[in-house]
Every structure is written in C-alpha cells, then in structure tokens.
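No value in this document is a laboratory result; all are computed from the given coordinates. Predicted model, so just to flag it, every value in this text is computed and none were measured. Note: ideal-geometry Cβ built from the backbone for every residue, glycine included; neighbour counts use all protein chains shown.
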Amino acid sequence: MKLIEVIHEATQQCHDEIEEEGGIIIHNPSVEDSYEFIKLTNQNTGKALAPVLWTADQQEYADKILPRVMKGERHFASFHTHPRFLAIPSTIDLSQLFPGFSINMIYSQTTNRISVWETDKEFHTTFSTVYEGTSDGFVEHKDINAVVA
Ligand SMILES: [Zn+2]
C-alpha cells in the first residue's frame with residue numbers, strides 16, 4: 001500500500017478515546033508502495049500511563065516486527081495516538097519513545113492531524129510533515145503551524 005493509505009488505515013485501527021494506541025509502519029525497500037501498518041499493544045494498557053504514553057509491547061514487537069526485519073523489510077516509522085492532545089510530542093515521547101526510532105508519527109484525534117518527527121543520531125528531534133484529515137483521507141502539508149494551531 002502507499003504510505004498515505006497506510007497512515008489512514010492506522011488512524012482507523014487506533015481510535016481509543018482515552019488510551020494511546022499505536023504500532024509500526026514497515027516497508028520493503030525493493031518494492032514500491034509496500035508500506036504496511038502493524039498495530040502493537042500499548043504496554044501501558046489499563047494503567048495510569050496509557051492516556052499519556054504509548055510503549056510498544058516488547059514481546060509483540062519481537063514476534064511481529066523482528067521476523068519481517070530479518071527478511072529485509074525496514075522499520076519505517078513508529079505511529080501512536082494522542083486521543084486528547086495535539087499532535088505534539090510529549091516530554092516522555094522525546095525522552096523515551098523517539099530515541100528508539102528515526103521517524104515518529106503522532107495522530108491527534110482532537111484535530112484529526114498527524115505530525116511526523118525525525119530524530120537524528122544525537123537525539124535531536126525536528127518536525128518534518130503534517131497530514132491533515134479530510135473526508136477523502138489525509139492530505140500532506142509542510143507547515144508546523146497546522147500542527148500547533
Ligand atoms: Zn505521544
């Protein structure tokens with residue numbers, strides 16, 4: 001699937017109104033438009049942290065993602081929801097989640113927008129793209145104000 005379609009699918013699979021949900025987008029670099037979203041349970045499900053932190057269940061990551069990576073697919077991005085907040089990384093996202101992944105997407109259900117953040121080897125995170133939800137799916141923007149506003 002195309003990335004934009006996979007992003008849309010991820011928003012449909014992750015829609016809990018209180019607890020954060022998420023997963024990993026993988027793709028095969030040798031096949032065009034081979035993106036795929038794999039939902040992973042939030043390790044914090046049912047706990048006080050779940051509304052403010054998505055942490056991938058380590059066992060599910062090992063079972064569902066690692067075998068695909070071993071076969072040559074790439075771990076493209078993490079994706080998680082902010083059911084009640086803007087699509088801005090929390091301090092916990094910046095310190096705990098983002099260092100593990102170079103590209104991270106946050107979907108805010110309150111604004112129907114997805115922001116994309118890139119983290120370099122020195123763990124500096126910068127905004128790259130926002131996808132705005134419309135009745136026809138998501139539309140790409142490059143304007144950070146669309147995330148903050
Ligand atoms: Zn977050």
A correct Karplus calculation of ³J(HN,Hα) over segment 33-42, with 6.51 cos²θ - 1.76 cosθ + 1.60, θ = phi - 60°, whole Hz and x for Gly and Pro, returns 6, 9, 6, 8, 9, 10, 6, 10, 4, 6
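What per residue convex hull volume, in Å³, comes out for the chain when only alpha-carbon positions are used? Mind dumping the intermediate values first?
On the way: hull volume 16.3 nm³, N = 149.
In the chain, the Cα convex hull volume per residue is 110 Å³.
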Residues whose modelled amide H sits under 5 Å from the amide H of PHE76, counting only those 5 or more places away in sequence or on another chain, are ILE25, ILE26, HIS27
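Report the relative contact order of segment 3-148, percent, no decimals, based on alpha-carbon pairs under 8 angstrom and at least 6 residues apart.
Details: 290 pairs, mean separation 28.2, N = 146.
Relative contact order comes out at 19 percent.
Could you size up the charge dipole of segment 3-148 around its Cα centre, putting +1 on the beta carbon of Lys and Arg and -1 on that of Asp and Glu, and report it in debye to the nearest 20?
Working: 10 positive and 22 negative charges, 67 e Å.
Dipole size: approximately 320 debye.
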When each of LYS71/LYS121; LYS47/LYS121; LYS2/LYS142 is checked by Cα-Cα distance, pairs over 27 Å: LYS47/LYS121
Full-extension gain between LYS71 and PHE85, please, as 0.36 nm times their residue separation minus the C-alpha to C-alpha distance. 1.4 nm
Between the modelled labels at ASN112 and LEU94 (7 Å from Cα along Cα→Cβ) the distance in nm is 3.0 nm
